[in-house]
Amino acid sequence: MNKKFFSIIIPIYNSAKFLNRCIKSIYAQKFKDLQVVLINDCSTDGSQTMCKEYKKKFKLDLINHKKNLGVAISRNEGIKIAKGKYLIFLDSDDFLLKNSLEQVKKTIQKNNFPEVILNNCERNRVPQNYNHLLKYFDNKIYTNNNFFKILIKNRIILNECWSLIISNKMIKKNKVFFKKIKIIEDQGFVIKVLILMKSIIINKNPILFHRSRLDSLKHTLGIESAYSYIVTLEDLFKLLQKYEYSKNIKRYLKFRILRIIFYLGAYISLLKKGEIIKLSKRISLSIRKIKKFKNIDYIKSVYSNLENKKTLEIINNNKNFVRNKVIFSLKKTKYKFDGIFIFCADMLGESAVKILKEKKFKINNIYDDDLIFKGKKILNVSIKSLPKNNFKKKDISKKIFLICNLDKKFFFNIRSKLIKKGFFRDRILHLSF
């Protein structure tokens, strides 16, 4: 029998700077029918001492790791001891908004206790909340099938577990846990939850503030990050095989698989030759499993003739797929340019900069309105915010803009901003697949 209404699961690793605000935001709530589970993942910055103090003061549950095991295992251990009717995943550098738990409980009760609640959240990135996604939903209960219809129609991507409140009973009944990978461990977990759920409601009131940091695991590159994409890709292929006869789930999985393939290629393009060789040895088993899906038409351009290729060849094929897409994007204009502006400073933008520089294209500036990139550089090219006023004509003479975000709505939004600032419509290009 569930003893609490919410179980809040918080994995912690070296977040002493933010942890106090996170914990205070929970116990400042008027709502008290909750269990708090802290999982200290062998922190070395004082977080462990803070956790011991919180346990003593608030009588919460604390798990201490003797070695660093990662956020996926930390969350899984939290799930195993969770006693609440619903699970909330809160990162240790995030915090709950005032009275959000009481508000969302009322929403849950009003809607007859759905299995999943998709919540609005505030964040320190652009856009600053989820309004741009939640606007497609009404305030009603959605079945699994109707929810996927909206995701497909509007090409909505839901990745983050902290945006969901999930039935504990559903999680444990279906044994849904996080994959032990370095990054994007949320993606497979969230997709499985959405597939398995029977009902979901939309809470358009923000419940938490999410903080993105460039020094977090999410923004790390390297072999482990690329490996995470391979593991997730394998996981989604298995789901695709299992739900082959479910039209909307199948369509959504295809959409997500193709996007992961593109991002994987971008990650691989940022690896050194030696790292690519090491990765090929690491993922040979996963690649053999993916080969079973060689006849799926929408991935033939990436994984063609898999039976005759070694793992290293397949990895390079994925890398070349993205490389060719980046170069092809420039061919969409007949304008003769001598310099390129890039919009987007995340991993996809970084990959495009590297590919274009290797092809001897001149990258003049990288633009991104996200403050987390302020003052940073990619391959010695400065990252800037878009100018407040119009571009100066001399600065944009013989230049093109390449927007490195796969979302079409994002592209149209940024293109509109650029046009208003005096840039030329026919010189604004989109990196897309």
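All of the numbers you see were taken from the coordinates with simple rules; none came from a lab. Remember, predicted model here, so these are calculated numbers, not experimental data. Neighbour counts are summed over all protein chains in view; Cβ atoms, including those assigned to glycine, are modelled from backbone coordinates with ideal geometry.
Across the stretch 164-288, C-alpha contacts under 8 Å between residues 6 or more apart give a mean separation that, scaled by the residue count, equals a relative contact order of 27 percent. Have a look at 141, 157, 38 and report the one farthest towards the positive end of the charge dipole of the chain, computed about the Cα centre with Cβ charges (Lys/Arg +1, Asp/Glu -1). Checking the options against the dipole of the chain, the answer is 157. Length available on full extension from residue 377 to residue 173: 0.36 nm per residue minus the Cα-Cα distance, which gives 68.8 nm. Calculated [222 nm] ellipticity per residue, helices only, for the chain: -13500 deg cm²/dmol; basis is -39500 (n - 2.57) per DSSP H run with n ≥ 4, divided by all residues, nearest 500. For the chain, modelled as a GNM whose springs connect Cα atoms under 10 angstrom apart, the maximal fluctuation among 57, 105, 83 occurs at 57. Among residues other than residue 247 with Cβ under 12 Å from its Cβ, the summed charge is +3 (Lys and Arg +1, Asp and Glu -1). For the chain, the longest principal axis of the C-alpha atoms and the axis of helix 311-330 are separated by about 60°.
Among the listed options (1) 0.97; (2) 1.02; (3) 1.07, the one matching Rg/Rh (Cα atoms, Kirkwood Rh) as calculated from these coordinates is (1).
Taking the centroid of alpha carbons for each part, the stretch 380-403 and the stretch 110-170 are 35 Å apart.
Please list the non-local residues whose amide H lies under 5 Å from the amide H of residue 208, H modeled 1.01 Å from N, same-chain partners needing a gap of 5 or more. For residue 208, whose amide H was placed from the backbone, the distant partners under 5 Å are 97, 122. Report note on the peptides 14-22, 107-115, 86-94, 224-232: ranked by the mean count of other C-beta atoms within 10 Å, highest first, their order is 86-94, 224-232, 14-22, 107-115.
Packing around the peptides 355-365, 186-196, taken as the average count of other Cβ atoms within 10 Å per residue, puts them in this order, highest first: 186-196, 355-365. In plain terms, if you count all Cα to Cα distances in the stretch 4-217 and split them into 10 Å steps from zero, the share in each step is 8, 36, 39, 15, 2 percent.
The separation of the stretch 348-378 from the stretch 204-260, counted between C-alpha centres, amounts to 24 Å. Computed from Cα atoms, the angle from the helix 47-58 axis to the main principal axis of the chain rounds to 30 degrees.
Principal-axis analysis of the Cα atoms of the chain puts helix 408-420 at an angle of about 60° to the longest axis. Label-to-label distance, residue 159 versus residue 241, with points set 7 angstrom from Cα along the beta-carbon direction: 2.6 nm.
For the chain, the relative contact order works out to 12 percent when only alpha carbon pairs closer than 8 Å and six or more residues apart are counted.
Between residue 212 and residue 310, the C-beta separation translates, for a Förster distance of 56 Å, into a calculated FRET efficiency of about 0.90. Could you work out the local net charge near residue 98, counting Lys and Arg as +1, Asp and Glu as -1, over the other residues with Cβ closer than 12 Å to its Cβ? Result for the local shell: 0. Charge dipole (Cα centre; +1 on Lys/Arg Cβ, -1 on Asp/Glu Cβ; no other charges) of the chain amounts to roughly 880 debye.
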